[in-house]
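Scroll down for the structure; my scribbles are underneath it.
Quick note: the coordinates plus some simple rules give every number you see, no bench work behind them. The model shown is predicted, which means the values in this text are computed figures rather than measured ones. Quick reminder, even Gly has a Cβ in these numbers, built from the backbone with ideal geometry, and neighbours come from all protein chains shown.
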Amino acid sequence: MRLRLPTEHPAEPPTGYKIAHPVLWQDGSRAGFTGVSLGGALPYGVVADAGCVYGRRHRPPARRCDCGFHCVRERAAAEALLCITEHRAAVLLEVSVLGAYIRFERGYRSARQRVRTMTVGPCACGAPALALADAGWGRPGRSALAATCAGCVRGRTPVTFAAFARLAGDGLRVVAAPGAEVLPGPAGAESAPAAGGPGSQAVPGMPELVAEAALLQARLDWFQTRLALLGERGPGGAGQG
């Protein structure tokens, strides 16, 4: 006798939460995500279909396999994962569970998903993040991004939250965690709509120029402060020689 799982027919797709690393395609034309565990080698977009990471020919999510998109039902449970050392640079995703799915005690494993919102935490130094920048690692053809503040971005090219949302497309909303700062996007929005979508009037390259101008201003303020301190100490002050 073959046991069958009970079938659900929800009026709306269930909502789930997970963590992931934002990634940027090598040519800068697209943005997406990569997982933190089993499916980390398979980057995905805002709307994506799951594949079996073991290369099997069954359709995810299979009962006797771990394939499919994993997520938890409670936001707090996903946020708790961000406390793990190797996941500190990850972002929080709110997703719609689509297609066939298997319900577990704490979450779902689904055949399809849509990422609705990406929440970015603080910079690694603890300061509020105002953009994303190269995290120093990646996957073939894709560079991982991490939250950064003006002081830590240095020579890396920043990607504003609005620019990431535009490159990811499909209506992704990018927000900063409570208390974090955000560089203004087109028309004062906290994230930009998908390129070519309704209400999209962003000038190509403008979010990046806004980010670089803000970061350069922050560096200039830092140098002016240092020069002022040197001036107060005078030519014969301590520390010379």
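Distances between placed amide hydrogens fall under 5 Å for Ala20 paired with Val91, Leu93, all partners being 5 or more residues away or on another chain. Taking other C-beta atoms within 10 angstrom as a stand-in for reagent exposure, Trp137, Trp25 fall in the order Trp137, Trp25, fewest first.
Ranked highest first by the average count of other Cβ atoms within 10 Å around their residues, in what order do 83-91, 115-123 fall? Don't skip to the end; give the middle numbers.
On the way: 83-91: 14.4, 115-123: 20.9.
My ranking of the peptides, most packed first, is 115-123, 83-91.
Amide H to amide H distances under 5 Å link Gly51 with Gly68, where only residues 5 or more positions off or on other chains count and H is placed in the peptide plane. With neighbours defined as other Cβ atoms within 10 Å of a residue's Cβ, the residues Leu38, Leu92 order from fewest to most as Leu38, Leu92. Given their separation in residues at 0.36 nm each and the Cα-Cα distance between them, Ala127 and His87 gain 12.7 nm when the chain is fully extended.
Note on Arg116 and Glu74: the extension gain reaches 13.6 nm, defined as 0.36 nm multiplied by sequence separation minus the Cα-Cα distance.
Were the residues from Val47 through Arg103 laid out at 0.36 nm apart, the gain over their Cα-Cα distance would be 18.2 nm.
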